[in-house]
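The values are calculated or read from the model by the stated rules, or taken from the named source; none is laboratory data. Source: prediction; values computed, not measured. Using ideal geometry, Cβ is built from the backbone for each residue, glycine included, and neighbour counts are taken over all protein chains shown. Note: areas computed on protein heavy atoms with side chains; ligands, DNA, RNA excluded. Shrake-Rupley method; radii C 1.70, N 1.55, O 1.52, S 1.80 Å.
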Amino acid sequence: MARLKVLLASSEVVPFAKTGGLADVAGSLPLALEELGVDVRVIMPKYASVKAAGDFAKIGKSIKVYFVENEDYFNRKELYADLFGDYKDNLDRFAFFSREILARCKKEGFAPDVIHCNDWQTALIPVYLNTIYKYDPFFANTRTLYTIHNMAYQGLFPKEEFPKIGLDWALFHIDYFEFYDKVNLMKAGLVYSDAVSTVSPTYAKEILTREFGCGLEGVLKTRENALFGILNGIDYNLWSPEKDAKILKNYSVDSLQDKYLNKEMLQKEMGIKIDRNIPMFGMITRLAEQKGADFVADIIDRLLNMKAQFVLLGTGDIKYHVIFEKIAKKYPASASISLKFDAVLAQKIYASSDLFFIPSRYEPCGLSQMISFRYGTVPVVRQTGGLKDTVQEFDPRTGKGTGFTFIEPKSEELFRAVKKSLMVYKDKPLWMSLVKYLMGLDYSWEASAKEYINLYNRVVKK
Ligand code: ADP
């Protein structure tokens, strides 16, 4: 059988550029696919952060990562927005990116069996393949998979910008691009792709409902037979306390005392009280409504009065920056607030924390809980989307479960979960057995990469 040829198209890829989980996925799924024998290549824009010389780089053993260059569009520090909001030319930028991807396939003589598109930035690829390139023999056998990483980011633009896409106005129609008189790239991507997937089984079900579908639940319903949920994995070469070069001292299940050296070091670095026995809650997140940081802010007084510490690393909406700056001032010895994006500090926080907050209102998959597991850090999460698929409520009587959870999106519910977690924390032997159990869980890509291969094969046969 010929080797399956896959081109993964993404607007961000670790280690070249990252704003969120999409970059982690785009940088690590290919590594697992390569191991399983797929001829996989990756394509992304050449942002200012891409230091590689030339128009491609290599990851894994021999995976080519192609860069799409455009000085005006991509040679910028930020990916999608600056302090003044979304870049005004985002439609020009990503329509260009999508067109260039197809042109680049031809230039490289690489006709993929599947182009794996991710989020609105690459949603135009299935559209172009079915319009401009419909009768192009080069792409006669190329199919598309469109993966949704977050329903809330659909690529919405004013109607007046439609001509930038370069297609007939007839497609500005309720069955394709039109969404309440706006251009919606995700919608067209969902309609034109051969299969659609999202990043966890639970989210795949949730997005068919009004609560989670963000207005596209109807369109998704029409694609229900071609809609799949595949849980993300993480790259344990990157995320592992045994190998992580960014943390003070590596550790494993057999040398857990060293986890607490990391904790003391972070406490020192952040200027909070140095004491390995104080339970430390970490949180690393985009500060957006989705992530529920406000639930944590609501309970912070009670939390810190219970002799706990809170270490936040996050950036996003200014409203949350204001809230957490106040908290930092009020609790200099027990709250450490870093309002920025910092990949190195993130690794230190995963390694040092005892517990980790993910109180999301919705969560397509969530990677932080899987990273936390690996570092022996116990997640406190809301049961939604991928969090529901990965974190089961811990039962102190049986010792089963992988974290502390709550269902209703309310701060009181979070607080209830926190109180329970602190009760368990006090029981050292029980706590240590939970920590050790979490470190042994396997959320590597292997199983999910196999599911992707099955799905690719399915669309190829279409
Ligand atoms: P999302 O993609 O919705 O932001 P995920 O949980 O899927 O959420 O992925 C978030 C990823 O980004 C994780 O790897 C997390 O550690 C990282 N991250 C989020 N905020 C920051 C930050 N301020 N600094 C460093 N890493 C961050």
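Before moving on, here are some points about what is shown:
- Condition check for A23: under 19 Å from S98 (Cα atoms) and either surrounded by fewer than 18 Cβ atoms within 10 Å (Cβ to Cβ) or in the same structural domain as H116 (by TED's automatic domain parsing) (or both): yes
- Inside segment 351-364, residues that are within 11 Å of the ligand (Cβ to nearest atom), within 17 Å of F404 (Cα to Cα) and open to solvent by less than 40 Å² (accessible area, probe 1.4 Å) make up a count of 4.
- Number of the exception - E264 against (1) surrounded by 15 or more Cβ atoms within 10 Å (Cβ to Cβ); (2) more than 9 Å from the ligand (Cβ to nearest atom): (1)
- Among the residues of segment 291-330, those that are open to solvent by less than 40 Å² (accessible area, probe 1.4 Å), outside any helix (DSSP H, G or I) and away from the ligand (no atom under 16 Å from the Cβ) comprise A308, Q309.
- Applying the criterion of being touching a residue at least 12 places away in the same chain (Cβ under 8 Å) and away from the ligand (no atom under 16 Å from the Cβ) to the residues of segment 275-290, the residue that is nearest to the chain's Cα centre (by Cα) is M280.
- Hey, N90 among the polar types (S, T, N, Q), out of contact with any helix residue (DSSP H, G or I) (no Cβ under 6 Å at 6 or more places or on another chain) and open to solvent by less than 10 Å² (accessible area, probe 1.4 Å) or not: yes
- Members of segment 191-232 that are closer than 18 Å to L145 by Cα, in contact (Cβ under 8 Å) with a residue 60 or more places away in the chain and assigned to a loop (DSSP other than H, G, I, E, B): S193, D194, V199, S200, L216, I230, L231, N232
- When segment 122-154 is filtered for residues that are open to solvent by less than 10 Å² (accessible area, probe 1.4 Å), closer than 20 Å to D168 by Cα and not hydrophobic (A, V, I, L, M, F, W, C), the ones remaining, listed by number, are T122, P126, Y128.
- When the helices (runs of 4 or more DSSP H) confined to segment 11-121 are screened for residues that are out of contact with any Phe, Trp or Tyr (no Cβ under 7 Å at 6 or more places or on another chain), aliphatic (A, V, I, L, M) and under 21 Å from A447 (Cα atoms), those reaching at least 3 such residues are found at 21-35.
- Among (1) closer than 19 Å to K426 by Cα; (2) surrounded by fewer than 20 Cβ atoms within 10 Å (Cβ to Cβ); (3) not small (G, A, S), the one test that D254 misses: (1)
- Residues being under 17 Å from Y153 (Cα atoms) and more than 16 Å from the ligand (Cβ to nearest atom) - total across segment 13-37: 0
- Among the residues of segment 250-290, those identified as in contact with a strand residue (DSSP E or B) (Cβ under 8 Å, 6 or more places away or on another chain), part of a loop (DSSP other than H, G, I, E, B) and under 10 Å from S334 (Cα atoms) are G271, I272, K273, I278.
- K205 meets the conditions (1) over 24 Å from Q392 (Cβ atoms); (2) open to solvent by 10 Å² or more (accessible area, probe 1.4 Å); (3) away from the ligand (no atom under 16 Å from the Cβ); (4) assigned by TED's automatic domain parsing to the domain that holds Y87 in every case but one. The failed one is (1).
- Top-ranked residue in segment 331-348 [being under 14 Å from Q267 (Cα atoms) and either in a loop (DSSP other than H, G, I, E, B) or open to solvent by 60 Å² or more (accessible area, probe 1.4 Å) (or both); ranked as farthest from the ligand (Cβ to nearest atom)]: A333
- Here D235 meets the list (1) surrounded by 13 or more Cβ atoms within 10 Å (Cβ to Cβ); (2) at pLDDT below 95; (3) farther than 26 Å from S360 by Cβ almost entirely, failing just condition (3).
- N184 being among the polar types (S, T, N, Q) and open to solvent by less than 50 Å² (accessible area, probe 1.4 Å): yes
- Test: residue in segment 387-401 that is surrounded by 17 or more Cβ atoms within 10 Å (Cβ to Cβ), polar (S, T, N, Q) and closer than 30 Å to H116 by Cα: yes
- Within segment 382-462, helices (runs of 4 or more DSSP H) holding 2 or more residues that are among the small types (G, A, S): 385-390, 411-426, 446-460
- Restricting segment 93-112 to residues that are open to solvent by 30 Å² or more (accessible area, probe 1.4 Å) and small (G, A, S), the residue that is nearest to the chain's Cα centre (by Cα) is A103.
- In segment 271-290, the residues that are over 22 Å from Y153 (Cβ atoms) and either at pLDDT below 95 or open to solvent by less than 20 Å² (accessible area, probe 1.4 Å) (or both): I272, P279, M280, F281, G282
- Condition met for I453 (of a type in the set (V, I, T) and not assigned by TED's automatic domain parsing to the domain that holds R302): yes
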